[in-house]
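Computed from the coordinates by the stated procedures, all read-outs in this text should not be read as laboratory data. Note that the coordinates shown come from a computational prediction; the quantities given were computed from them, not determined experimentally. Positions of Cβ are generated from backbone atoms using ideal geometry, with glycine treated the same way; all protein chains shown enter the neighbour counts.
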Amino acid sequence: MIRKWMIPGLLAAAVCLNPAPAQAGAAAGTEAVQMAGEAAAGTEAAKMAEEAAGQESVIVAGNAAAAGGGSAAALQKDPLIAAAGAGVSAGAGTAAVLFGEETAGGKEDTPATGYSEEDLSILAHLLAGEAQNCPDEEQLYVGSVVLNRKNHPSFPKTIREVVFQRGQYSCTRDGNYYREPTERNWANAKKLLEEGSVLPGHVIWQSGSRQGNGVYLKTKYHYYCY
């Protein structure tokens, strides 16, 4: 008869005599742990591959957006590429981020109107010296001849040189050039510099009499000739 107190000893003896089941259990546990580790590693690798694919898609999208024309179809095929392409089209700063480039965040400053304060001052003084009390229309004619001369191959290439060219504008010799320009002189000079000549480009003479090859326009103040 087997007593209760004998059961632990019998079980221990059985394990010693036949260790295979216990070893099999241990091996199964070890294998399970190993499989779990491999599964985790595979998941991590898959995640890293997915992230790398996402980055590559963004770069491809940036290149496609920069290429123009044929890139539109490429952006429509892949939702991820399409989203990245939308980011590129949002602005230059976004494109720089997509391509991994740094940007200074601004563009070089350039004059919007293409003239200097000196140009404005000289032209306003010329209008004051040649046509200070004339209507705006006449002042624009006088200033237009200056601009036409600056752009003509027979004359100097700057407003200063045109105005002070020897023997051309009498106001630079009689002192009227140094009058204080009126508000209208300043406004008309600025209008000309921003909007350009109101006379055809070949009209390069403004005088009290006929000059050059012919008269384009005659007012009560001046002849405008070509």
Residues whose placed amide H lies under 5 Å from that of Gln211, excluding near-sequence neighbours: none
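Ranking request for peptides 176-186, 129-139, 114-124: highest mean number of other beta-carbon atoms within 10 Å first, then the rest in descending order. Don't jump to the answer; show the numbers that get you there.
Working: 176-186: 15.5, 129-139: 18.5, 114-124: 17.0.
The packing order, highest mean first, is 129-139, 114-124, 176-186.
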Amide H to amide H, which residues 5 or more places from Tyr216 or on other chains are under 5 Å from it, using H placed in the peptide plane? Tyr224, Cys225, Tyr226
Just order 191-203, 140-152, 163-175, 207-219 by mean Cβ neighbour count inside 10 Å, highest at the front, would you? 140-152, 191-203, 163-175, 207-219
